[in-house]
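For reference, the structure is listed below as structure tokens.
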Amino acid sequence: MAFLSNNSFTGEIPRQYSQLGQLQHLDLSFNYLRGTPPAALFSFPNISYLNLASNMLSGSLPIHLSCGNELGLVNISNNRLRGWLPSCMSTELDKRVVEYGWNCLSIDLKHQHPESYCVEVAHMKRKESGGKNVGILVGVLGGIFIVMVLLAFGFLVLCRRICTRGTSEQHLLHKSMQDNSVTGFSSELLTSARYFAEATKLSTQGVPVHQLFSLEELKKATNNFDISTIMGEGSYGKLYKGRLENGTQVTIRCLTVSKRYTFRNLKLRLDLLAKLRHPHLVCLLGHCIDDGGQNDLNASKVYLIFEYVPNGNYHTHLTEKSPEKVLKWSDRLAVLIGVAKAVHFLHTGVIPGFFNNRLKANNILLNEHRMAKLSDYGLSIIAEEINKNEEKEDGVKSWQMKCLEDDVYSFGFILLESLVGPSVSARRDAFLLNEMVSFGNQDGQRQIVDPIILATSSQESLSIVISMMNKCISPDSLTRPSFEDVLWNLQYAAQVQATGDGDQRSENVSRF
């Protein structure tokens, strides 16, 4: 097995991999790999799991590519691949789960980028000099690295001399960071960009650059924060809908922050939040720090400007009854998979991970294509008063583990709400005590599961999700799954459902 994700690997996948015939599990996701994946990777006789997601792979896979008999899951999503899927990865087959979204493939176009998105990469590749002489390339890169190290050393020496004049502010910053250590983010982590290599890579792929807004711009966008622009209010403050001067619709979250934060400390935290970039996260477009007109070192309010997601939240969609708007089982699975991908990224795609992400159906927004985007993620790094009741004596590590468990547990209730309907959110504890046993058999499921799901799901797909839901909301935290496990099972359930839908269509056609 080879787990090589999140390592900032560049260049093409070495052809030497084709010699690893006994390989069973290969994960090269979240790197910077280019070129076309070697065909041999897919045909190893023992390989069961191949993850090449979130790289910069381009070109086309051969239509007659051979897949190994043991290959159960293939993930080539979020690359720059074009053309058609090989026949051995057909979505109509029930042999394996294949994730291929957000490439430029000629299949399932609503979940693909336009062709122009991938043409630029292919053009750049043709212009590359070839790089055949590995020795010369290594020598050049080594020379560049040495020069960069020397420049960085010189810059650090110069910076140290300049920064001695700001000793008092540095002392204040470190003291503030110690006071706020419950978040688990040390000053070194807050100031180190290298921990965000993956987020930085994502931010360069067509995502808007984070901006600094003035308070006047926000007042103009919301008609001076008129009451008619308020979209809602919760523990994180008021949420406004606005329109920027260029016509872009945005949502603006107003947070009242602790006076313990200096501007510099708060800016470091906002920079961390700004670097979180994922297709299933509501994009943070910028921020505005307000000192309340006091002109002191502390901030009183922070305004976070997010992209506007126009199609409402998941909770509301679950209440729809009209046939053209109702969410079928396959639609709900797509939403759940999107959210699971986002949370998996927040937990493992960046260091330090972002936990306690307030997972609930109201915070899952759907765009015009019903693509799920998670909102209100990571805000506890700024609005710490939400977590002030946590027991500090447990320490940072145990606090992070508790928050991680909270995300898994909360996602379990989103699964439950997806199965039963939104009414379960109002009677959570009573439901757990009195009605969870009904999931244990098909007769009980028919009484408790949303009729829309019963009419649009296969029993096998439904059983997979029910099993995962039970594990997520288990009272024993040790038995709860990781989000990687949750995501894999949801993707498998979706593949099983797609196979069942295909069989059903075939039966209907044969009748005519």
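The values are calculated or read from the model by the stated rules, or taken from the named source; none is laboratory data. The shown structure was predicted, so the numbers you read here are calculated from the model rather than taken from an experiment. Please note: Cβ atoms are built from the backbone with ideal geometry, for glycine as well, and neighbour counts cover all protein chains shown.
Things to note:
- Filter result (of a type in the set (Val, Ile, Thr) and either more than 13 Å from ASP407 (Cα to Cα) or surrounded by fewer than 22 Cβ atoms within 10 Å (Cβ to Cβ) (or both)) within the stretch 342-374: THR348, VAL350, ILE351, ILE364
Conditions (1) out of contact with any Ser or Thr (no Cβ under 8 Å at 6 or more places or on another chain); (2) modelled with pLDDT of 85 or more; (3) closer than 17 Å to GLU484 by Cβ, marked per residue:
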position: ALA334; (1), (2), (3): yes, yes, no
position: ALA342; (1), (2), (3): yes, yes, yes
position: LEU365; (1), (2), (3): no, yes, no
position: LEU379; (1), (2), (3): yes, no, no
position: ASN387; (1), (2), (3): no, no, no
position: GLY395; (1), (2), (3): yes, no, no
position: TRP399; (1), (2), (3): yes, no, no
position: LEU415; (1), (2), (3): yes, yes, yes
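- Looking only at the stretch 51-106, and only at residues there that are β-branched (Val, Ile, Thr) and either exposed (fewer than 15 other Cβ atoms within 10 Å of the Cβ) or touching a residue at least 40 places away in the same chain (Cβ under 8 Å) (or both), the one that is nearest to TYR492 (Cα to Cα): VAL97
- Checked against the criterion of being out of contact with any Cys (no Cβ under 9 Å at 6 or more places or on another chain) and modelled with pLDDT of 90 or more, the stretch 13-32 contains not a single residue that satisfies it.
- Qualifying residue in the stretch 24-39 (condition: in contact (Cβ under 8 Å) with a residue 60 or more places away in the chain, crowded, with 18+ Cβ neighbours inside 10 Å and among the small types (Gly, Ala, Ser)): no
- Pairs are defined by a Cβ separation below 8 Å, a sequence spacing of at least 6 or placement on different chains, a first member in the stretch 218-243 that is at positive phi and surrounded by 13 or more Cβ atoms within 10 Å (Cβ to Cβ), and a second member that is part of a helix (DSSP H, G or I) and not hydroxyl-bearing (Ser, Thr, Tyr); the pairs so defined are PHE225/LEU218; PHE225/LYS219.
- Flag if ILE305 is surrounded by 22 or more Cβ atoms within 10 Å (Cβ to Cβ) and modelled with pLDDT of 85 or more: yes
- Of the residues making up the stretch 60-98, just one is aliphatic (A, V, I, L, M), modelled with pLDDT under 85 and part of a loop (DSSP other than H, G, I, E, B), namely LEU93.
- ASN7 being buried (at least 17 other Cβ atoms within 10 Å of the Cβ), at pLDDT below 85 and farther than 18 Å from ASN69 by Cα: no
- Within the stretch 13-54, the only residue that satisfies the criterion of being more than 20 Å from the chain's Cα centre (by Cα), of a type in the set (Phe, Trp, Tyr) and either in a strand (DSSP E or B) or not assigned by TED's automatic domain parsing to the domain that holds ARG80 (or both) is TYR49.
- In the stretch 472-495, residue surrounded by the most Cβ atoms within 10 Å (Cβ to Cβ) [restricted to those that are farther than 20 Å from TRP329 by Cα and in contact with a helix residue (DSSP H, G or I) (Cβ under 7 Å, 6 or more places away or on another chain)]: PHE483
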